[in-house]
Amino acid sequence: MDYLTKGPGEWLVMHIGHCENPEKFEFVYEIIRKKINRTHDSYDIILQLEREFNSSLGLQVDVYQEVDGGFKYFQSIKDGCACSFIMKYAEDNLKRAYRMAGIDPPDCPYGPGPIVIRNFVMDYRELPKHAIYGTFQAYTYATHKKKKLGCVKIILNFDKRNDDDIF
């Protein structure tokens, strides 16, 4: 299999949760994923922020692709401003989540304290429709001055699936 084959397909989140040793990170959270169907999941997200989430926080995503039975480093994506990064890649979903959490206006920055989002429905069909096929493991870090404050681990798959393949 060519591990860099790119084409049309669909995303599927297989796992989302804590990275190893979550107690070493400042950001404390809980994510509960409930499968709705092949294209939608529902999430409950509870986050306790001890500091303002603003432009001083960065974002780093380390991506590994499954190759030969294990995950090998694929790429890192970094941005010195987490607010602009997530608005660039997930603006509609993020604004909907902010509204559900009572953040008004639905934008960065937002203050310290609890953030609770219940039954946030994610439509994976809103994600990019062309990508590299395969299974990926991503570690997403909130950073401040190169220090990792929080980490979310996601395992997802991009596949050529379509409705004609099911029947």
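The values are calculated or read from the model by the stated rules, or taken from the named source; none is laboratory data. All of these numbers come straight from a predicted model, not from anything done at the bench. Note: ideal-geometry Cβ built from the backbone for every residue, glycine included; neighbour counts use all protein chains shown. We work out accessible area using only protein heavy atoms, side chains counted, and drop any ligands, DNA or RNA first. Shrake-Rupley method; radii C 1.70, N 1.55, O 1.52, S 1.80 Å.
For first residues located in region 72-97 and closer than 22 Å to Lys146 by Cβ and touching a residue at least 40 places away in the same chain (Cβ under 8 Å), partners that are open to solvent by less than 40 Å² (accessible area, probe 1.4 Å) and β-branched (Val, Ile, Thr) and lie 6+ apart or on another chain with Cβ distances below 6 Å form the pairs Phe74/Val63. Meeting the requirement of 3 or more residues that are open to solvent by less than 70 Å² (accessible area, probe 1.4 Å), the strands (runs of 3 or more DSSP E) wholly within region 11-92 are 40-49, 58-67, 70-79. Of all residues in region 1-10, those satisfying the criterion of being surrounded by fewer than 14 Cβ atoms within 10 Å (Cβ to Cβ) and part of a strand (DSSP E or B) are Lys6, Gly7, Pro8.
Scanning region 98-113 for residues that are touching a residue at least 24 places away in the same chain (Cβ under 8 Å) and surrounded by fewer than 13 Cβ atoms within 10 Å (Cβ to Cβ) yields Pro109, Gly111, Pro112, Gly113.
Going residue by residue through region 157-164, is there one that turns out to be touching a Phe, Trp or Tyr at 6+ places or on another chain (Cβ under 8 Å), surrounded by fewer than 16 Cβ atoms within 10 Å (Cβ to Cβ) and modelled with pLDDT of 85 or more?
So in region 157-164, the residues touching a Phe, Trp or Tyr at 6+ places or on another chain (Cβ under 8 Å) come out as 157-160.
If we keep only those that are surrounded by fewer than 16 Cβ atoms within 10 Å (Cβ to Cβ) too, we end up with 159-160.
Narrowing the set further to residues that are modelled with pLDDT of 85 or more leaves 159-160.
Within region 157-164, one or more residues are touching a Phe, Trp or Tyr at 6+ places or on another chain (Cβ under 8 Å), surrounded by fewer than 16 Cβ atoms within 10 Å (Cβ to Cβ) and modelled with pLDDT of 85 or more.
For Phe136, indicate whether it is under 25 Å from Pro8 (Cβ atoms), at pLDDT 90 or above and open to solvent by 40 Å² or more (accessible area, probe 1.4 Å). It is false that Phe136 is under 25 Å from Pro8 (Cβ atoms), at pLDDT 90 or above and open to solvent by 40 Å² or more (accessible area, probe 1.4 Å). So is Lys153 exposed (fewer than 13 other Cβ atoms within 10 Å of the Cβ) and either hydroxyl-bearing (Ser, Thr, Tyr) or under 21 Å from Tyr73 (Cβ atoms) (or both) or not? No; evaluated as a whole, the condition is false for this residue.
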